[in-house]
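S.K.: This is the structure I want to talk about, given as structure tokens.
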Amino acid sequence: MGRYLYNGVKMNSPIYQELAATEEDIKSQYEELRKNQKALKISEERYRLAVEGANDALWDWDFINNKFFISDKWKEEMGYISNSNLSIIGRITRMLHCDDVNLAMDALKEYLKGNKPYYMCEFRMKYKEDGYRWVLSRGKLLRDEKGVAIRMAGSLSDITDRKIYEEKIKKMAYFDRLTNLPNFHYFQENMNTKIEKNKEYFNFALLLIDIDNFRNINDTLGHKFGDKVLKEVSNRLKKFLDVDDNIYRTGEDEFLLVKSCIGNKKNASDFAESILEYFRNCIVVDKHEVYTNVSIGIGIYPQDGDDVFTLFKNVDSAMYSAKEHGKNRYEFFDEDIYNRILQRSYLEINLRRAVEKNEFILYYQPQMNLKTESIIGVEALIRWSHPKEGLIPPGNFIPLAESTGLILPMGKWVLKNACLQNKFWQKSGYKPIRIAVNVSALQLQQNDFINTVREVLEYTDMDPKFLEIEITESTLMSSIESNVEKLIMLKKMGIKISLDDFGTGYSSLSYLKKLPIDTLKIDKSFIDDIKNSVVDDGITGEIIQLAHKMKIDVIAEGVEKYEQVKFLKTQECDKIQGYVLSRPVPSNEVEKYLKFI
């Protein structure tokens with residue numbers, strides 16, 4: 001075979017073969033490079049599409065070359081400042097909200113020092129069209145082999161919607177919807193933070209302000225009107241605030257006012273008195289004039305409690321002390337109040353046990369017809385037979401029973417056992433008499449009250465005409481419309497209705513025309529001064545005569561002297577009840593009166 005030349009080189013020579021191999025290698029490398037370039041181009045396109053399509057901004061900070069990269073989309077939206085005279089930090093900080101600059105820089109410094117595993121911070125940035133928006137910035141650092149920071153990359157996420165939602169949730173959790181005032185939860189967190197930061201130098205007065213008789217406003221004028229009154233009260237209280245003061249709504253009709261820089265009782269007293277004086281003027285709501293006096297409990301930090309929980313507890317007890325002493329006043333917390341609270345707590349525990357173990361008994365006080373001088377009825381009166389302290393009168397535990405709701409099971413027990421006792425007397429052959437049972441406002445307000453009375457009468461098999469329900473004026477007025485409806489239903493059942501303690505509350509004789517009352521009980525305070533006071537003589541006589549004109553019987557309670565009996569006879573009073581006849585006695589002692597009917 002002949003020999004061939006390739007570019008002057010024999011094709012079968014070693015040089016030719018080496019050149020051919022080199023050419024193949026170059027071709028192979030070229031193909032590999034072309035493939036890599038194509039893959040790189042595809043990868044870059046994917047990266048570009050991902051960056052442009054992402055909601056988050058990607059950023060890259062080159063510390064060595066002092067270059068900062070951020071996604072073009074976010075540059076445009078934020079109106080990115082590209083002034084070359086500004087440093088990288090300058091460019092960024094100029095876009096941050098002034099209140100967030102230190103926050104963002106401190107977070108970055110902490111990360112660069114190695115105190116945090118990664119950089120993360122929330123702050124507000126200036127956008128070209130939308131003003132400031134909330135963003136979450138996250139990043140990681142790259143260091144060289146010597147540990148020097150050379151690069152940092154991360155992302156910016158728009159979290160404005162989340163922040164708005166969080167703010168709504170926070171407002172729902174920490175702010176009162178009606179008045180827009182911060183609530184008790186906010187008070188706790190805010191004051192705990194302030195005390196922790198300034199424990200040695202912080203001093204303030206805490207005032208718990210409660211609207212007196214606010215329930216009457218709701219019951220008489222409606223809850224919507226009551227809400228308007230609460231708004232007006234909150235607006236009035238805001239007028240007493242200085243720059244460093246705060247006010248919170250902590251209950252339906254309660255407000256907490258934190259008065260800073262008050263560390264003594266004299267200044268706190270003056271401040272509280274100014275509030276009381278301001279609220280002695282009427283509030284005008286929907287053209288209605290409403291008088292809303294307030295009761296105030298006061299505590300001084302740290303004397304009356306060096307933490308929020310203790311201080312509020314003590315101020316709360318001081319406010320209730322102000323209520324107990326007549327309302328429309330203020331009281332400072334002291335140890336006596338604390339001891340009374342402890343005693344009340346002890347009494348409540350024992351009272352709950354008494355309800356569970358049925359430690360109650362009934363006493364009965366006879367009632368006499370003045371014309372026939374015969375016993376015509378008795379009033380059932382509850383007593384607490386305490387296993388250690390003996391017999392406890394109702395005045396010592398009934399108010400507590402009403403405030404705790406224990407009056408409900410106690411009241412049902414009284415009604416049932418009074419009817420059982422009256423039925424027992426009837427079965428024993430005694431002439432039937434009427435038995436009077438006291439009913440509290442809380443009992444009367446229960447939806448099932450009428451059914452409860454009906455069930456008791458069916459259970460005891462007692463004729464309704466021998467039962468008399470006694471209510472006080474305050475009980476009747478607590479929810480006048482619904483209470484009157486229930487009293488009318490009781491009357492239709494054949495039960496008699498008696499209005500107790502007349503003259504000490506809200507009622508007037510003209511108002512009695514509208515009420516389903518059978519008997520009016522003149523309060524003991526009018527009876528005590530008969531023959532000693534011309535005024536009381538006249539008032540008592542007028543009550544009796546006017547009540548008779550409305551076909552209402554009158555019974556005088558608390559009668560203790562024969563002179564009072566004589567006067568009441570001359571005024572044609574129908575019945576009497578009191579020590580002149582008998583003290584409240586156990587059931588077996590009542591029977592000696594029943595024998596002579």
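S.K.: Over the Cα atoms of the stretch 253-293, what radius of gyration and what Dmax do you get, in Å?
M.R.: Answer for the stretch 253-293, Rg first and Dmax second: 13.4, 41 Å.
S.K.: How large is Rg over Rh for the stretch 320-423, taking Rg from the Cα atoms and Rh as the Kirkwood inverse mean of 1/r across Cα pairs?
M.R.: Ratio value, two decimals: 1.10.
S.K.: Any chance you could check the Cα centroid distance between the stretch 290-339 and the stretch 343-387 for me, in angstrom?
M.R.: What the calculation gives is 33 Å, centre to centre.
S.K.: In terms of solvent-accessible area of protein heavy atoms at a 1.4 angstrom probe, what is the ranking of 548, 185, highest value first?
M.R.: Output order, biggest surface exposure first: 185, 548.
S.K.: So what does residue 193 come to for accessible area, using a 1.4 Å probe and Å² rounded to 10?
M.R.: 70
S.K.: Can you run the Rg to Rh ratio on the stretch 334-382? Use alpha carbon positions and the Kirkwood inverse-distance Rh.
M.R.: Ratio of gyration radius to Kirkwood radius: 1.34.
S.K.: Net charge within 15 Å of residue 166 by Cβ-Cβ distance, Lys/Arg positive one each and Asp/Glu negative one each, not counting residue 166 itself?
M.R.: Summing Lys and Arg as +1 and Asp and Glu as -1 gives +3.
S.K.: What is the Cα centroid distance between the stretch 262-282 and the stretch 563-597, reported in whole angstrom?
M.R.: Each part's Cα centre sits 51 Å from the other's.
S.K.: Compare the peptides 384-390, 568-574, 368-374 by average per-residue count of other Cβ atoms within 10 angstrom and give them in order, highest first.
M.R.: 568-574, 368-374, 384-390
S.K.: What lysines does residue 116 reach when the alpha-carbon gap must be under 18 Å and sequence neighbours fewer than 8 apart in one chain are set aside?
M.R.: Of all the lysines, those that pass the test against residue 116 - Cα under 18 Å, at least 8 places apart if same chain - are 140.
S.K.: Then there's this: Sort 227-237, 343-353 by packing, meaning the average of other beta carbons within 10 Å per residue, with the highest value first.
M.R.: Averaged packing, sorted descending, gives the order 227-237, 343-353.
S.K.: Going by a ≥ b ≥ c, the root eigenvalues of the Cα gyration tensor, does the stretch 132-267 fall in the rounded group (a/c under 1.5), the prolate group (a/b larger than b/c) or the oblate group?
M.R.: oblate
S.K.: Evaluate the relative contact order of the stretch 165-290 (contact order divided by residue number), counting alpha-carbon pairs under 8 angstrom at least 6 apart; express in whole percent.
M.R.: Over the stretch 165-290, the number comes to 28 percent.
S.K.: Checking the table 194/313; 171/231; 224/491 against a 24 Å threshold on Cα-Cα, which pairs fail?
M.R.: In this structure, 224/491 lie more than 24 Å apart at Cα.
S.K.: Quick one: ranking 391, 362 by accessible area, 1.4 Å probe, largest first, what do you get? Present the calculation step by step, with values, prior to reporting the outcome.
M.R.: On the way: 391 85, 362 20 Å².
Result, largest first: 391, 362.
S.K.: Any chance you could get the radius of gyration and Dmax over the Cα atoms of the stretch 383-501, in Å?
M.R.: Reported Rg and Dmax, both Å: 14.7, 44.
S.K.: Counting only protein chains, not ligands or nucleic acids, how are 181, 241 ordered by accessible area (probe 1.4 Å), most first?
M.R.: Result, largest first: 241, 181.
S.K.: For a quick protection proxy, order the peptides 138-147, 413-422, 287-296, 312-321 by their average other-Cβ count within 10 Å, most packed first.
M.R.: Highest to lowest by the protection proxy: 312-321, 413-422, 287-296, 138-147.
S.K.: For the stretch 103-196, compute Rh as the Kirkwood radius over C-alpha pairs and then the Stokes-Einstein diffusion coefficient at 4 °C and 1.567 mPa s; write the answer in µm²/s, rounded to an integer. Don't skip to the end; give the middle numbers.
M.R.: Working: Rh = 16.4 Å.
Taking Rh from Cα pairs, D becomes 79 µm²/s.
The values are calculated or read from the model by the stated rules, or taken from the named source; none is laboratory data. Because the structure is predicted, anything quoted here is derived from the model rather than measured. For neighbour counting, all protein chains shown are included, and Cβ atoms are generated from backbone atoms with ideal geometry for every residue, glycine included. Just so you know, the surface numbers come from the protein's heavy atoms only, side chains and all, with ligands and any DNA or RNA stripped out. Shrake-Rupley method; radii C 1.70, N 1.55, O 1.52, S 1.80 Å.
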